[in-house]
1. Quick check on region 1-50: of everything there that is among the basic types (K, R) and open to solvent by 50 Å² or more (accessible area, probe 1.4 Å), which residue is modelled with the lowest pLDDT?
2. If C60 satisfies all but one of (1) surrounded by fewer than 16 Cβ atoms within 10 Å (Cβ to Cβ); (2) part of a helix (DSSP H, G or I), what's the number of the condition it fails?
3. Residues of region 82-127 being of a type in the set (V, I, T) and either over 15 Å from the mean Cα position of the chain (by Cα) or over 20 Å from K58 (Cβ atoms) (or both), which ones?
Amino acid sequence: MLKLINPEYPIWEVTDFEVPNFNYILANPNNFNQHGHDNKGLRQSIKIPQEVNLAWHKSCQPIQEMLRTCDELVVDDMWKGRLKDLSWPDPEYSHVDVLLDKPGFMMYPHVDNRFVLGVVIINLQDNPKDSGTYYEQLDYRAPTQKGTGTFMLNHTNTLHSINQPGPTNRLIGYQPITIALIT
């Protein structure tokens, strides 16, 4: 289920996202560095089987359909009907990134680069309280329960950040959608 948080911001809360169960293997720690803050291995990538990509793709179909039919003014102002032909990335060639953020991981407020059309961020487990993505202009924090999260279209008013307070790890599925999918 998708719920637009505020008609002036292209951010939707996602609930009832079907999260596939899987065993994961940690990949190499990703030393995520932003504006001089080095997280020293606090974000790690997870290797996942292809069937997880297929299940994720199926769960993202309602987002694709919503974007194709959305008549919200904020979306029309941004894309002028160009999303009506959007095709979600094929799971054979694109995959969801599964990220494990350890307590202390942080990402400063930022807007994604212009190649990013939007981003899906879904909790793959019940994550720590207050570890959800924070949207600055709305003073809104994404939910942290398994199968919930947010979808946002990249825009100057979708400034967002992360501060993972712990005490346990945060495990999310993260998939950027690029503008190449509508050209």
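The values are calculated or read from the model by the stated rules, or taken from the named source; none is laboratory data. Quick caveat: nothing in here was measured; it's all calculated off a predicted structure. So basically every Cβ, Gly included, is an ideal-geometry build from the backbone, and we count neighbours across all protein chains shown. Heads up: the accessible areas ignore ligands, DNA and RNA and are worked out on the full protein's heavy atoms, side chains in. Shrake-Rupley method; radii C 1.70, N 1.55, O 1.52, S 1.80 Å.
1. So in region 1-50, the residues among the basic types (K, R) come out as 3, 40, 43, 47.
So of that shortlist, the ones also open to solvent by 50 Å² or more (accessible area, probe 1.4 Å) come out as 3, 40, 47.
Details: K3: 96, K40: 72, K47: 80.
Filtering first and then ranking leaves K40.
2. Only one criterion is unmet by C60, namely (1).
3. Those that are of a type in the set (V, I, T) and either over 15 Å from the mean Cα position of the chain (by Cα) or over 20 Å from K58 (Cβ atoms) (or both): V111, V116.
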